[in-house]
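The values are calculated or read from the model by the stated rules, or taken from the named source; none is laboratory data. Being a predicted model, the structure only gives us computed values, none of them experimental. All Cβ positions, glycine included, derive from the backbone under ideal geometry; neighbour counts span all protein chains shown. Heads up: the accessible areas ignore ligands, DNA and RNA and are worked out on the full protein's heavy atoms, side chains in. Shrake-Rupley method; radii C 1.70, N 1.55, O 1.52, S 1.80 Å.
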Amino acid sequence: MASVYKRGDIYWANFSTADGSQNAVSTKIRISVYGPRKARQLALEQAIKWERNEVDKRVSGIDFASLVDSISTLDPSDKTKLALVLVDHLPDSYQTNGDTLTSTITYSDCRDKWLSKVSSRKSDDWIKREIVCHKFFIEFVGGDTLISSVTTEHVDDFIVSREGLGKAANTINNYLKPVSQLFNYAVANDLVTKNPVKYAQKPGTATVVEWDYIPDDAFDIVINNASDSDKIFWTWLRYTALNPKDVSALTPASIEADNKGNGRHINGKRAKNGRLARIPVHPNIEKAISTYGDDCFGIYPTKGARDKSNKRFKAALAGQGIYSVIAAIRHTCATNLLESGLSLDDVALILGHSDTTMLKKIYVKHVDQVKAYEAVKRLK
C-alpha cells in the first residue's frame with residue numbers, strides 16, 4: 001500500500017510498481033511551503049496516484065519482449081511514425097538535446113562527478129566546508145532529484161526557508177557557493193542549460209537579532225550550577241565584555257599590574273580587530289584566579305569547545321526563563337558599565353570599538369529604557 005515519509009523538508013512516496021517491487025520517489029512537496037499536515041496529504045495523494053498507475057500497467061500492459069516482437073513486424077514507415085510518437089512519452093529521466101537523446105543524472109550523482117574532478121586540487125579544509133555548506137541544499141531538494149529539474153524557484157524557496165530559520169544573508173550565501181559551483185560544472189558539461197543560483201533572488205540583509213539582558217540573580221544561578229570550566233569561562237565574559245575567542249586566548253602574561261593603585265588589568269591584542277584590550281580585572285576574576293590558578297587561562301581553545309559551552313549556557317539560561325546566547329554576556333556587561341555611569345567613550349574603549357556608533361545603535365537601548373522609566377516616574 002502506498003505510503004509517504006519525510007526526508008529533510010520533502011515528502012517521499014513509497015509504492016508498489018507493476019513488477020511487484022517497491023519504489024521510492026520524491027514528491028517534491030515541501031513541508032516548509034505547505035505545512036506538515038497539508039504537505040503529507042498532498043504527498044499521500046500523489047503516492048496513491050502513482051501506485052494506481054502501476055496497477056493499471058500490470059493489469060492492461062504488454063511485456064517488453066512482446067512489444068518488441070510486434071514492432072519488428074511493422075514496415076519502415078510505421079516504425080518511423082512510432083519512434084516520433086514515443087519521443088512524447090519519454091520518462092522524466094531523459095531529455096532531448098537537439099537531435100540527440102541523453103540521459104540525465106541525479107543531483108547527488110552529478111555532485112560526486114564534480115567532486116571527483118576538483119577534489120584533487122582542493123585542500124582538506126575546502127572539502128570540509130563544501131560538505132558542511134552543501135548538505136543543507138541537498139536535504140532541501142533531495143539528492144535523488146534530477147539535476148536538470150532543479151530550478152531557480154527551488155533556490156528561491158531554499159533561501160526563504162533558511163531566512164525563516166533566522167540565518168544571516170552571509171550564511172545563506174555560503175550554503176549556496178558550492179551549489180553554484182556544481183551548476184557551473186553541470187552547464188560546462190551540457191547537463192543543464194543554466195545555473196539557477198545565478199538568477200535567484202539574493203538573500204536579504206541580515207536581521208539584527210534581539211538580545212535579552214541577563215540579570216545578576218539569573219547569572220549567579222547559572223554560574224553556580226555550572227562545571228568549573230564553564231564557570232571560569234562565563235565569569236571572564238561576564239566581567240570583561242571580551243569575545244569568547246579573546247577569552248580563550250588569555251594567558252597569565254595577559255594580566256598586568258596597574259601603574260597606579262593596587263588593581264590589575266588585561267593587556268593584549270584582540271583577535272578580531274587587533275585593537276588593544278586594557279580592561280580592569282574584576283574582584284570575582286581575581287577570586288577565580290586565586291582558586292584555579294593557571295587553569296583559568298586558555299579555556300576552550302577551539303571553536304567547537306566554545307560552541308558546546310554556548311549550548312550549555314543557552315540551556316541553563318532557558319531554565320531561568322531567559323533565551324539568549326553567550327554573545328549576550330558582552331552586551332549585558334556593556335549595559336551594566338553604562339548604567340554605572342561610565343561614559344560612552346570609556347565603554348567603547350573597553351569593548352574595542354573605534355567609536356561610539358555601535359554603542360548608540362545597540363547597547364544603549366536598554367539603558368535608555370531604564371532612564372526613561374525613572375524620568376517618567378518623577379513627573380508630577
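Selection of region 102-141 for residues being surrounded by 13 or more Cβ atoms within 10 Å (Cβ to Cβ), modelled with pLDDT under 85 and part of a helix (DSSP H, G or I) yields only S119. Among the residues that make up region 27-44, is at least one of them touching a residue at least 12 places away in the same chain (Cβ under 8 Å), open to solvent by 70 Å² or more (accessible area, probe 1.4 Å), in contact with a Phe, Trp or Tyr (Cβ under 7 Å, 6 or more places away or on another chain) and not hydrophobic (A, V, I, L, M, F, W, C)? So far as region 27-44 goes, yes, one or more of its residues are touching a residue at least 12 places away in the same chain (Cβ under 8 Å), open to solvent by 70 Å² or more (accessible area, probe 1.4 Å), in contact with a Phe, Trp or Tyr (Cβ under 7 Å, 6 or more places away or on another chain) and not hydrophobic (A, V, I, L, M, F, W, C). What about K231, is it under 19 Å from G304 (Cα atoms), touching a residue at least 60 places away in the same chain (Cβ under 8 Å) and open to solvent by 50 Å² or more (accessible area, probe 1.4 Å)? No: the conditions fail for K231.
Residues in region 234-263 that are closer than 18 Å to D346 by Cβ and either open to solvent by less than 60 Å² (accessible area, probe 1.4 Å) or not polar (S, T, N, Q) (or both): Y239, T240, A241, L242, D258, K260, G261, G263.
Can you pull out the residues in region 158-191 that are touching an Asp or Glu at 6+ places or on another chain (Cβ under 7 Å) and either surrounded by fewer than 20 Cβ atoms within 10 Å (Cβ to Cβ) or not in a helix (DSSP H, G or I) (or both)? Hit for region 158-191 is S161, nothing else. When you check V155 against the structure, is it open to solvent by less than 20 Å² (accessible area, probe 1.4 Å) and within 30 Å of T251 (Cβ to Cβ), yes or no? The answer is no for V155. Among the residues here, T205 does not qualify as at pLDDT 90 or above and either open to solvent by less than 50 Å² (accessible area, probe 1.4 Å) or assigned to a loop (DSSP other than H, G, I, E, B) (or both).
Candidates in region 339-359 are the residues that are touching a helix residue (DSSP H, G or I) at 6+ places or on another chain (Cβ under 7 Å) and modelled with pLDDT under 80; of these, the one that is most open to solvent (accessible area, probe 1.4 Å) is D355.
Okay, residues lined up against (1) hydroxyl-bearing (S, T, Y); (2) without any contact (Cβ under 8 Å) to a residue 40 or more places away in the chain:
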residue	(1), (2)
W236	no, no
S248	yes, no
K287	no, yes
G293	no, yes
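Just for region 297-316: of the residues that are of a type in the set (A, V, I, L, M) and assigned to a helix (DSSP H, G or I), which one is surrounded by the most Cβ atoms within 10 Å (Cβ to Cβ)? Taking the candidates together, the pick is A316. Among the candidates V141, V160, V155, V192, the residue that is farther than 23 Å from V25 by Cα and β-branched (V, I, T) is uniquely V160.
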